[in-house]
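Take a look at the structure below.
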Amino acid sequence: MANVTVLGAGAWGTAFGQVLADAGNKVTMWAIEPEIVDAINTLHQNPVRLPIVEKLPENMTATGDRRKAVAEVDVIIVTIAAQFARQALEEFKGLIPDQAVVVSLMKGIERSTDKRMDQVVMEALDLPADRFACLSGPNLSKEIALKQPAAAVVASSKEEVATRVAAIVSTEYFKILTSNDVIGVEMCGSLKNVVALAVGMSRGAGYGENTAAMIETRGMAELTALGVAAGAKAQTFFGLAGVGDLIATCGSPLSRNYTFGANLGKGMSVDEATKVSNGVAEGVPTTAAVVALGKKYGVETPLASAMLRVLNEGISCDQMLGEIFAEGIVAE
């Protein structure tokens, strides 16, 4: 159907590359790690990042050459870690074909600028909005890799672009809905990670369903209010990209943010949780960005503010919960 390149061969990038290949596309994976490039090309595996897949599709190859990766490509999928996206993408500026569409699968807010990933991608690549799309939803990479039924939302300011991407990505096990609410889909994917940290922390501290549900409900109200203030549509937050992703991220040990929070709830410090997780979960840098955005738009962010104190000051789970539901917080 199309020539598609995936920038980033981590677990999510590789799993999504498999989806694209299963949809009948010619897929090229770009990775900076020579061992991953070699394994994909010779063994049809990515044992470093996605060992649960024994054999990747034959129409899925890899390269470490930037120019070769994007030459004559129709669609570029970006799965680079959010905090490194700008630097990595700037290396591709000027190499991308004029008609190629760029689709971000990243979920995060840039720490140094408080900008969404759509803003980062378009700035780094000098890309017009009508050639950009973002894709988000309840998509845990290991479940996608195992081809369990799942769905996501692809959003673009140009309807034809969203429709085109949906057609290229859809398979029997991976379904796509379309939207024109780029801001909403981006905000959903980023902000829910902060909620997952709080839910994970409550689980790690030994609390159950009632506590998780009240955190998730408060979190949904908070991220919806913030998203609407930023220009998003409220209904986006009650679809796959919003509540759907929130449920998956807050309810599974496969979620890095949930697991990171759970380790904090067990009494680990941020440094200790980082070591155990082999890196920082995306919700950690996003937390401060959410608080900053709340101040910018005049939106109360008790959940994000409480989690920021957890990360910066090491307050307990009980203290965190007390601040989220402090006296004076109204129902929404």
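The sole residue among Glu143, Glu186, Glu160 that is under 29 Å from Val290 (Cα atoms), open to solvent by 10 Å² or more (accessible area, probe 1.4 Å) and charged (D, E, K, R) is Glu143. Scanning the range 112-140 for residues that are under 30 Å from Val48 (Cα atoms) and among the charged types (D, E, K, R), we see that the one that is most open to solvent (accessible area, probe 1.4 Å) is Arg116. Just one of (1) closer than 21 Å to Asn139 by Cα; (2) surrounded by fewer than 19 Cβ atoms within 10 Å (Cβ to Cβ) fails for Gly298. It is (1).
Residues of the range 302-329 that are more than 18 Å from Gly261 (Cα to Cα) and open to solvent by less than 60 Å² (accessible area, probe 1.4 Å): Ala326 alone.
The number of residues in the range 257-295 that are at positive phi and among the small types (Gly, Ala, Ser) comes to 2.
List the number of the failed condition for Arg164; all other conditions in (1) charged (D, E, K, R); (2) modelled with pLDDT of 95 or more; (3) closer than 25 Å to Ala281 by Cβ hold. With respect to (1) charged (D, E, K, R); (2) modelled with pLDDT of 95 or more; (3) closer than 25 Å to Ala281 by Cβ, Arg164 is out only on (3). Inside the range 146-157, residues that are buried (at least 17 other Cβ atoms within 10 Å of the Cβ) and within 13 Å of Ser252 (Cβ to Cβ) make up a count of 1. Can we say Val48 is β-branched (Val, Ile, Thr) and touching a residue at least 24 places away in the same chain (Cβ under 8 Å)? It is false that Val48 is β-branched (Val, Ile, Thr) and touching a residue at least 24 places away in the same chain (Cβ under 8 Å).
Among the numbered conditions (1) crowded, with 20+ Cβ neighbours inside 10 Å; (2) on the phi > 0 side of the Ramachandran plot, the only one that Ala69 does not meet is (2). In the range 250-279, the residues that are among the basic types (Lys, Arg) form Cβ pairs under 8 Å with partners that are outside any helix (DSSP H, G or I), at six or more places apart or across chains, as follows: Arg256/Ala281; Arg256/Glu282; Lys266/Ala205.
The values are calculated or read from the model by the stated rules, or taken from the named source; none is laboratory data. It should be emphasised that the depicted structure is a prediction, and the values quoted were computed from it without experimental measurement. Using ideal geometry, Cβ is built from the backbone for each residue, glycine included, and neighbour counts are taken over all protein chains shown. Only protein heavy atoms, including side chains, enter the accessible area calculation; ligands, DNA and RNA are left aside. Shrake-Rupley method; radii C 1.70, N 1.55, O 1.52, S 1.80 Å.
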